[in-house]
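Contents: one structure, followed by commentary.
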Amino acid sequence: MKSYCIKFLLFSMLFVSVSFVSNAATITSVKTGNWNDTTTWDSGTVPVSGEDVVIANNYVVTIASTQTIASLTINGAGTSNYGKLIITTGALLTTTGSTIVDGKLDINGGTFDEGNGSGDKLTINGTSLGRACLFSMSGGTLNTSRYFALSNSSSFEMTGGTININSKGGTSATDIFYLPSGTSFTMSAGTINILNGNLGTGAALKFNPTNSNVTGGTINFTNTKGYSSTTMISTNNLYDINSDVGAGDTLVIQNMPSSTGGFTCHNFSIATGTVQVDPGFGITVSNALTNNLSAANLVVVSDATGNGSLIVNGTVSGSVTVERYVGKYTSGTGTGNGWHEIGCPVASMDPNGTNWDPNGTNNDLYAWSESDNKWVNYRTTPFTFSAGNGYLMANNTNLTHEFTGILNTGDVAVSGLTYTSGKGNGWHLLGNPFSSAIRWNDGNWTLTNVGTTAEIYDEESGNYFALRYNTTDYRDTIPSTDGFFVQVANGTTGSVTIPSASRFHCGTKNNYKSEKKEELKETLIFEVTNDANSYYDVNMMGFKPEATKDWDIAFDAHKLFGNAKAPQLWTVSKDQKFQVNYLPEVTTVYDIPLDFRAGVNTVYHLTIKGADSFENTSLVLEDLQTGEKIDLSNENSYDFSAAKDDDVNRFVLHINGVTGVPTLNETDGIQIFAYGKTVCLHTSGQKSLEGKVSVFNMRGQVIYSGTLNGTNRQQFRLDQQTGIYFVRLEENNNVVTRKVVIK
């Protein structure tokens, strides 16, 4: 009895072992043929549930029946010897695991249910076949339980049928539908449904193929599991996109990387949930944007990093929310101080009852009146935002404001711009009327009796910057929801048409964008920074044969003064102050005043660019306060001290007209000046300061002596009465003496 039991037990274990091996079997194709043909497979049987199936190289297998297997692998060893599976009408192929395609997968009918778990994945590889079409779909249905990813140099072609991706849902860092760089995507028809988002960091759609040809088809985002967000990341064009993510869920629009300038789709519609365009990213809808819900369901987001960007070239149905983040007002000397000039990206909007309304708060909101030369306070004279006009505002706290209404998509004209002498002198505050950046005067604008150089307030510099297209070192971009000033010619009435054709995705998180497009001949750029805060100013001066010494509507811009604590530079011609000043061609001697006003008492650093664009011209900048002369053919920077109450007539630029500029030897490259009671010694380039330094009073008495430490910027304090002193530097038998004023 005992022996019988042992034999029975061994027999049972052997049976179980054999059964286990059978269930884990791999079935491989050995010829081209029908799936249901037993001679197609090395096992001599049709693959059944629990078996892994391999379509071997050189063989094409066609399925039109109902089958269930464990996993599927389609081999591919080269561009000609690869395996291929054709799923056709009448087929229902179900896998309970993942599918790897190194050969070709062709679906022209029937249904392929791929995977039954949240970790299953349909992967289309392309190492061996290059961009030959590895996945082709012209009809039928593909259902994936979770991921669908292309890799290497694989390709995707869809001319019909339906793909349902991610029916199981889940949380993962893996992107659900992923077409990375190096892949190829072609779609002319059919529907792709992304059924669930990703509760993890992975995107629902990450679309970045190297080659993309999309002429039709629809991608639907349809969440069914109450997800909080679904992310769509793209750099390439798509066709129709529908967002039906469900109430409480959000489709987040991003692109990778942001500098590509966004992506384009044909139609975009919102059925349920919310769509948001994140800061620094952009989307262009070339045909129709349809929001079937409220303005709160389509949001162009803004935060401290910048703005999202939305461009519609066709029709818009429904309202939109365009945010504008505004940092709080500060009274310090750091970057910005909270004043912002804004534009309205919707047709019109009443601030009353919104968080734009300053009543009952410590916030401010103003419009600009050229005829009165003053800011109109909303608290006393309420007004309505309108497209094309600009406004000034500040907050007591960091606040994200909202514009809501009908999105501006066409050209916006602003007319009746006056010139009131002795008042506003033709300055008008306009606003970018679009939910994207625009390029100033890029050939699409219509300017009537308005200067071709606009000015925009830059919070970082605390100053107004000239907007000039097709130039270098000057900005040509007006960010979304930003305001800008234009000036009307004296004695005229002006108008401006802000064109929709100038819209673009700047992709720099709301930074101003400079593009070097041409070298400026005979043009100098002056930039001044300081040691006390991050404010700075930039001024342009140059020569053109068609220019005059007066304000030229085609070239010049008068000076607009910025933050009181920021340095200010301007040239003077015909008793006018200029931010950009072009003068007649250099044929004679010029002495051009370059005035300067300090924002705070500190050391300033002046940098000059463009001197090398002048031929056979002497350029010497003279500091009228110290008497120092800087030959711009040898030096492009100058350090000096300045106080708020100094005379603004600080510099003069001598062109072909100054003599007596000393020949600079090695030691003469040193700048010596005083700031308050501090004496500063600076050198340009890599030269270091070494040797002995001494200070003498007016009687020739030595009041200070010391040794320099070998760095290129040094300073020391003189606790002396206000007066004139002489600083002498001795280095390698060279002696330099400079006069300084101690205050």
Stretch gain in nm, segment Leu199-Thr737, where the contour uses 0.36 nm per residue and the Cα spacing is subtracted: 186.6 nm
Using 5 Å bins from zero, what percent of all Cα-Cα pairs in the stretch 376-425 falls into each bin? 4, 11, 16, 21, 23, 12, 9, 3
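Would you kindly calculate the translational diffusion coefficient of the stretch 150-279, applying Stokes-Einstein with the Kirkwood radius from alpha carbon pairs, for 25 °C and a viscosity of 0.890 mPa s, and quote it in µm² s⁻¹ without decimals?
169
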Below 13 Å, Cα to Cα, which aspartates and glutamates can Lys31 reach? Residues fewer than 8 away in the same chain don't count. Asp42
Label-to-label distance, nm, for residues given as Thr79 and Lys644 (7 Å Cα→Cβ offset): 7.4
Taking every pair of alpha-carbon atoms in the stretch 15-157, what share in percent sits in each 5 Å bin, from 0 to the bin with the longest distance? 2, 11, 20, 24, 22, 13, 5, 2, 1, 0
Gained length - Asp411 relative to Thr617, 0.36 nm times residue gap less alpha-carbon distance: 69.6 nm
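Can you say what percent of the DSSP beta bridges in the chain, counting only those with both residues inside, are antiparallel? Round to 5.
Details: 121 of 235 bridges.
Approximately 50 percent, going by the DSSP bridge assignments.
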How high is the FRET efficiency between Thr66 and Ala304 when r is their beta carbon distance and R₀ equals 51 Å, given to the nearest 0.05? 0.35
Result for the chain: accessible area per residue, probe 1.4 angstrom, in square angstrom, of 40
Probe radius 1.4 Å, ligands and nucleic acids ignored: give me the carbon and sulfur share of the accessible area of the chain as a rounded percent. 47
Which FRET efficiency value, to the nearest 0.05, is calculated for Asp591 and Thr210 with the Förster distance at 56 angstrom and r the Cβ-Cβ distance? 0.45
Starting with the highest mean, order 615-627, 57-69, 243-255 by the number of other Cβ atoms within 10 Å, averaged over the residues of each peptide. 243-255, 57-69, 615-627
Efficiency by 1/(1 + (r/R0)^6): what FRET value for Thr418 and Asn634, r their Cβ-Cβ distance, R0 = 56 Å, to the nearest 0.05? 0.70
The alpha-carbon pair-distance distribution computed for the stretch 529-572, with 10 angstrom bins and whole-percent values, is 23, 43, 24, 10, 0
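Using just the Cα positions, wrap the stretch 233-392 in a convex hull and report its mean projected area in square nanometres, one decimal place.
11.6
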Mark the label point 7 Å from the Cα of Thr88 along Cα→Cβ and return the residues of the stretch 21-61 whose backbone N is within less than 15 Å of it. 32-37, 60-61
Kindly state, as a whole number, the per residue volume in cubic angstrom of the convex hull around the alpha carbon atoms of the stretch 549-605. 103
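How much length would be gained if the chain were fully extended between Ser694 and Thr446, taking 0.36 nm per residue of separation minus their Cα-Cα distance, in nm to one decimal?
Length difference between fully extended and current span is 83.0 nm.
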Rounded, prolate or oblate, given the Cα gyration tensor of the stretch 134-174, with a/c below 1.5 counting as rounded? oblate
Diffusion coefficient, µm² s⁻¹, Stokes-Einstein with Kirkwood Rh over alpha-carbon pairs of the stretch 396-507 at 37 °C and 0.692 mPa s: 220
Tally Lys and Arg at +1 and Asp and Glu at -1 over the other residues with C-beta under 12 Å from the C-beta of Trp368: what net charge comes out? -1
222 nm [θ] for the chain, helices only, -39500 (n - 2.57) per DSSP H run of 4+, per residue, to 500? -1000 deg cm²/dmol
Computed Rg/Rh for the stretch 98-145 (Cα atoms; Rh = Kirkwood radius) stands at 0.99
Packing-based ranking, highest mean first, of 712-725, 475-488, 203-216 given that Cβ atoms within 10 Å are counted: 475-488, 203-216, 712-725
If I take the Cα coordinates of the stretch 290-359 and project them onto the principal axes, what are the three extents in Å, biggest first? 46, 27, 17
Compute from the Cα atoms of the stretch 129-197 the Rg and the Dmax, the latter being the longest Cα-Cα distance, and quote both in angstrom. 12.2, 33
Surface/4 of the Cα convex hull for the chain, nm²: 48.8
Diffusion coefficient in µm²/s returned for the stretch 211-259 by Stokes-Einstein, Kirkwood Rh over C-alpha pairs, 10 °C and 1.306 mPa s, is 132
Could you give the C-alpha radius of gyration of the stretch 78-227 expressed as a fraction of 2.2 N^0.38 Å, taking N as the number of residues it contains? 0.96
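The values are calculated or read from the model by the stated rules, or taken from the named source; none is laboratory data. Predicted, not measured: the structure shown is a model, and the values here were computed from it. Counting neighbours? That spans all protein chains shown, and the Cβs are built from the backbone with ideal geometry, glycine included. Accessible surface is based on the protein model in full, side chains and every heavy atom, while ligands, DNA and RNA are left aside. Shrake-Rupley method; radii C 1.70, N 1.55, O 1.52, S 1.80 Å.
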